[in-house]
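In what follows, a structure is listed as structure tokens, so that the remarks can point back to it.
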Amino acid sequence: SDILRLWVSSVNYQEDIRCNDEIIGRTQDAYRKIRNTLRYLLGNIDDFNPAADAVGYEQMTQIDRWAMQQLQRLIRDVDHAYDEFTFHRVFSLVYNFCTVEMSSIYMDVLKDRMYCERADGPKRRSGQTAMWRILDCLVRMLAPVLVHTTEEAWAAIKHKSQDLPSVHLAALPTVDPSIDVESEAPRWDRLMTIRDQVLRALETLRAEKTIASNQEASVTIDANAADAGLLRDFGSESFAALCIVSEVHLVESSDETAVSARKSPHPKCARCWNYWPSVGRNPNHPELCRRCADVTAAG
């Protein structure tokens, strides 16, 4: 029944209303994408208690702060769409958020941190804080549309933002005024543009069968002064994580920013599967990178 509700909410009533098997099939695919996003978020916060483990916004990693900024934009736009009774706009906004910002970027980047960092480490807790807030807001925003799915998800959240028995008793989320979205937007737009250049270079390597995954690649960025400053401020390791590559080398030049990629010369970590220079340097764990050796030693 939620799939039919999603189809109804996706209809623009100013246009002709059509319904056939193909349209219902596309709606089913959209529903599955949204539901899988909720399931991923739920699965990764199972050991997270916000009262004890939450990380403040300023202490979050940069990509987690980006996710929180995108969430504020979504809340703002969805709230406006509900005020205007444009329910097809609500569907479009949430679907695009789950497909682009979450699935194509954020959740892909988070996998390494969630599975390989120390369970109670600050980087993992930072990601869990962002995911808990995103899940909480998504469920409340979707409640008027996906009534049964959101009720099921609300029941599965161990630590709710509002101690209520039903999501349909909870208020819609509001924008957090302490999170600066607009001033950060140009910086992130440029970082994502450079990331797209990196991904195109990696696609060429995959087409040539030089690499099978992004983790096998080592990337060199010949950047102009402005981009070099931006990437230095962001951090090479952080940008490598954003692109899911083994390493990023930054070279400043006066020309237009260009990206090249090659297969990493470093060995593969047996635990996280990253190709990092530190693999093999720990005599007690020669098959692991420095991070994984430290996490393993800590138990």
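The values are calculated or read from the model by the stated rules, or taken from the named source; none is laboratory data. All values reported here derive from a predicted model rather than from experimental measurement. Reconstructed Cβ throughout: ideal geometry from the backbone, glycine too, with neighbour counts over all protein chains shown. Heads up: the accessible areas ignore ligands, DNA and RNA and are worked out on the full protein's heavy atoms, side chains in. Shrake-Rupley method; radii C 1.70, N 1.55, O 1.52, S 1.80 Å.
Some values worked out for this structure:
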{"read-out": "Cα-centred dipole magnitude for the range 170-215, charges only on beta-carbon of K, R (+1) and D, E (-1), debye, nearest 20", "value": "360 debye"}
{"read-out": "Whole-percent carbon and sulfur share, accessible surface of the chain, 1.4 Å", "value": "50 percent"}
{"read-out": "Spin-label pair Asn96/Ala297, simplified geometry with 7 Å Cα→Cβ offset, distance in nm", "value": "4.8 nm"}
{"read-out": "Partners for Lys123 among lysines (Cα-Cα distance below 30 Å; same-chain residues under 8 apart left out)", "value": "Lys33, Lys111, Lys158, Lys160, Lys263, Lys268"}
{"read-out": "Nearest-20 debye value, the chain charge dipole, Cβ charges on Lys, Arg, Asp, Glu", "value": "960 debye"}
{"read-out": "Under Karplus coefficients 6.51, -1.76 and 1.60, residue-wise ³J(HN,Hα) of the range 291-298 in Hz, glycine/proline x", "value": "4, 5, 5, 5, 5, 5, 5, 6"}
{"read-out": "Alpha carbon centroid spacing (whole Å) that separates the range 176-227 from the range 258-299", "value": "22 Å"}
{"read-out": "For the chain, with +1 on Lys and Arg beta carbons and -1 on Asp and Glu, the positive-most of Gln59, His148, Leu205 along the dipole", "value": "Leu205"}
{"read-out": "Solvent accessible area, Å² - Glu58, 1.4 Å probe, full protein context", "value": "130 Å²"}
{"read-out": "Surface accessible to a 1.4 Å probe, per residue, for the residues of the chain, Å²", "value": "51 Å²"}
{"read-out": "Three-way shape label, the range 168-299, alpha-carbon gyration tensor, a/c 1.5", "value": "oblate"}
{"read-out": "The chain - mean residue ellipticity at 222 nm from DSSP helices (-39,500 (n - 2.57) per run, n ≥ 4, rounded to 500)", "value": "-17000 deg cm²/dmol"}
{"read-out": "Gyration tensor verdict on the chain (Cα atoms; rounded if a/c is under 1.5, prolate if a/b is larger than b/c, oblate otherwise)", "value": "prolate"}
{"read-out": "Net charge of Cβ neighbours under 12 Å - reference Ser218; Lys, Arg +1; Asp, Glu -1", "value": "0"}
{"read-out": "Antiparallel DSSP beta bridges within the chain, as percent of all bridges there, nearest 5", "value": "55 percent"}
{"read-out": "Only Lys, Arg (+1) and Asp, Glu (-1) charged, at Cβ; the range 49-142 dipole about Cα centre in debye", "value": "200 debye"}
{"read-out": "Shape category assigned to the range 24-152 from the gyration tensor of Cα positions, a/c cut at 1.5", "value": "prolate"}
{"read-out": "Separation of the Ile179 and Ala225 label points, Cα + 7 Å toward Cβ, nm", "value": "3.5 nm"}
{"read-out": "Residues whose placed amide H lies under 5 Å from that of Glu247, excluding near-sequence neighbours", "value": "Val219"}
{"read-out": "Farthest positive-ward along the chain dipole, Cα basis, beta-carbon charges - from Leu71, Leu242, Cys137", "value": "Leu242"}
{"read-out": "Length added when fully stretched, Asp255-Gln162, from 0.36 nm per residue minus Cα-Cα", "value": "28.2 nm"}
